[in-house]
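Worksheet: one structure, shown below.
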Amino acid sequence: MKNEEMARLFSEATPYIQKYHGRTMVIKYGGNAMINETLKNAVMNDLVTLTLLGVRVVLVHGRCWACGWCWCTAAAPPSTRCSRRWAWKATLQTVCG
């Protein structure tokens, strides 16, 4: 990236950097971002950049495809109530051991 492009990028980003500096940002991380190495590295680089710019990052683990597969093959698959995932004790014992 040339110096002129870098200067333009930072001048456009400055209002956002100021807006979110010192704030806490919760980011869900899961799915393909956990499997694809290129995407995983890009996400981690973005998280480091946010931290260096003064944003407090809280990384929340999302459900990956492997967890979804385990849940679906369980004896008693989980249900969703009030936008939350609920699992039966038998399901947790099957999936978690």
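The values are calculated or read from the model by the stated rules, or taken from the named source; none is laboratory data. The structure displayed is predicted, hence computed values, not measured ones. As a convention, Cβ positions derive from the backbone with ideal geometry for all residues, glycine included, and neighbour counts pool all protein chains shown.
For this structure, a couple of remarks:
- Subset of the range 29-50 that is surrounded by 12 or more Cβ atoms within 10 Å (Cβ to Cβ) and of a type outside the set (A, V, I, L, M) - its residue that is farthest from the chain's Cα centre (by Cα): ASN36
- Which listed residue is modelled with pLDDT of 90 or more, within 11 Å of the chain's Cα centre (by Cα) and among the hydrophobic types (A, V, I, L, M, F, W, C), from VAL57, VAL26: VAL57
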